[in-house]
Amino acid sequence: MNILITGGNGFIGSHTIISLREHYPHARLVIADNLTNSTLETFTNLKKLVKEGIEFYNINICNEEEVATLFINYSFNAVIHFAGLKAVGESVEKPLKYYRNNLISTLNLVKYCLIYDVGKFVFSSSATVYGNGESPFIESHSLLPTSNPYGETKAICERILIDVANTNPEFCVSILRYFNPIGAHESGLIGEAPNGIPNNLMPYITKVAKGELETLHVFGNGYPTIDGTGVRDYIHIMDLADGHVAALVNLKPGVNIYNLGTGNGTSVLQLIDTFEKVNGVKIPYKIVNPRSGDLATIYADARKAERELNWNAKRSIEDMCRDAWNFAKNTVTI
Ligand code: WQD
């Protein structure tokens, strides 16, 4: 079995490769990644964990010729498409960059899947496509407008895949809508290591824990939640990774959409508190104004994936905090 993993060097892609290797010991795992938001060090560490049958190509999948060459050289059985730009704030500043990158890459891949009869496609989507609807989000909800171009690119890619699958019955698609993945592989060899000042909560917490940033800014404490801070459905990255394998193994004809979340919400202050207790470190924080565009509460209805993929998230918030710190404390970032 040959599996193409675009963006396989990124946070979610790299962890999924470990789950793929466990489930498919003999598969050839081919990464296409242009290192936009990752480094070769991740691949080096990934190789220590996965050992054999993994190949890396520094390819931009917006470049159709490079995609064509890859599909000619390998007879892929499946594609898992992670590659994409994902910074919400930057997408507002540079919408064209986001539309161009995230849409052209997906169009190229789908085109070559159809040409070379690759009938298994797993797409990395996001809970952001639910827009500002009411939690728990359920897959059958009609989608509301998203609040930023990044989210819009995910919604448009979903539509493209649905339309293509409608007229190509042999093209089977699983769309996975992620909630908030955090944590790291238990080895501590790979994890989430954004450079600069992180946008997301857990990488910010770990930078404060390391002393690289002084204080965590908690964006608002006036929300109608348990303690006034924002509530999210955090999911351990290895549970999310296992969800991709479950999606691939249980791929059905047509397009099937699954939430990958735990179904539980955790507030910002609850996450900080758990991180401090589990790791024995202090996270100094101050409450600041809410971040524009944030919703009070976001969590999944995760029952469809349990029913149809026989998958559910097993790891706890404690596991997520321990593993995130286990990785971050030894990692040098810029
Ligand atoms: C979580 C909570 C913040 C940082 C984003 C994207 C979404 C998806 C996942 C990919 C919120 C609060 C955060 C900080 C804080 N990405 N917070 N201080 O916004 O739920 O989702 O990442 O698909 O599309 O929008 O995640 O980690 O940024 O925030 O208080 O420094 O932490 O207000 O309540 P978010 P997040």
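The values are calculated or read from the model by the stated rules, or taken from the named source; none is laboratory data. Please read all numbers here as calculations on a predicted model, not as lab measurements. Cβ sites come from the backbone with ideal geometry, for glycine too, and all protein chains shown count toward neighbours. Surface accessibility is based on the protein's heavy atoms, side chains included, excluding ligands, DNA and RNA. Shrake-Rupley method; radii C 1.70, N 1.55, O 1.52, S 1.80 Å.
Pairing residues of region 299-320 that are on the phi > 0 side of the Ramachandran plot with residues that are of a type outside the set (Ser, Thr, Tyr) and surrounded by fewer than 24 Cβ atoms within 10 Å (Cβ to Cβ), at Cβ distances under 8 Å and at least 6 apart in sequence or on separate chains, gives Asn310/Ala246; Asn310/Asn250.
Listed here are the residues, each with its yes/no results for (1) touching a strand residue (DSSP E or B) at 6+ places or on another chain (Cβ under 7 Å); (2) outside any helix (DSSP H, G or I); (3) open to solvent by 40 Å² or more (accessible area, probe 1.4 Å).
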site	(1), (2), (3)
Phe76	yes, yes, no
Ile80	yes, yes, no
Lys97	no, no, yes
Leu109	yes, no, no
Tyr112	no, no, no
Ser124	yes, yes, no
Ser135	yes, yes, no
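Tell me, which residue of region 285-301 that is in a loop (DSSP other than H, G, I, E, B) and open to solvent by less than 40 Å² (accessible area, probe 1.4 Å) is nearest to the ligand (Cβ to nearest atom)? Residue satisfying both the conditions and the ranking: Ile298. Can we say Val30 is β-branched (Val, Ile, Thr) and under 21 Å from Ser125 (Cα atoms)? So Val30 fits the description; yes.
The residue that is farthest from Arg315 (Cα to Cα), counting only those in region 263-284 that are touching a Phe, Trp or Tyr at 6+ places or on another chain (Cβ under 9 Å), open to solvent by 20 Å² or more (accessible area, probe 1.4 Å) and part of a loop (DSSP other than H, G, I, E, B), is Val281. Step by step: first the residues of region 195-241, then only those that are polar (S, T, N, Q), more than 8 Å from the ligand (Cβ to nearest atom) and under 19 Å from Thr331 (Cα atoms), then the one that is least open to solvent (accessible area, probe 1.4 Å). Which residue is that? Checked region 195-241; the qualifying residue least open to solvent (accessible area, probe 1.4 Å) is Thr206. Within the bounds of region 132-150, is there any residue that is within 11 Å of the ligand (Cβ to nearest atom), over 16 Å from the mean Cα position of the chain (by Cα) and without any contact (Cβ under 8 Å) to a residue 40 or more places away in the chain? Yes, region 132-150 has at least one match. Taking the listed residues Val129, Val92, Val88, the one that is of a type in the set (A, V, I, L, M, F, W, C), farther than 29 Å from His26 by Cβ, within 16 Å of the ligand (Cβ to nearest atom) and open to solvent by less than 10 Å² (accessible area, probe 1.4 Å) is Val129, with no other qualifying.
Among the residues of region 178-194, is any open to solvent by 10 Å² or more (accessible area, probe 1.4 Å), over 24 Å from Lys314 (Cα atoms) and more than 10 Å from the ligand (Cβ to nearest atom)? Within region 178-194 (the criterion being open to solvent by 10 Å² or more (accessible area, probe 1.4 Å), over 24 Å from Lys314 (Cα atoms) and more than 10 Å from the ligand (Cβ to nearest atom)), the answer is yes, since at least one residue qualifies.
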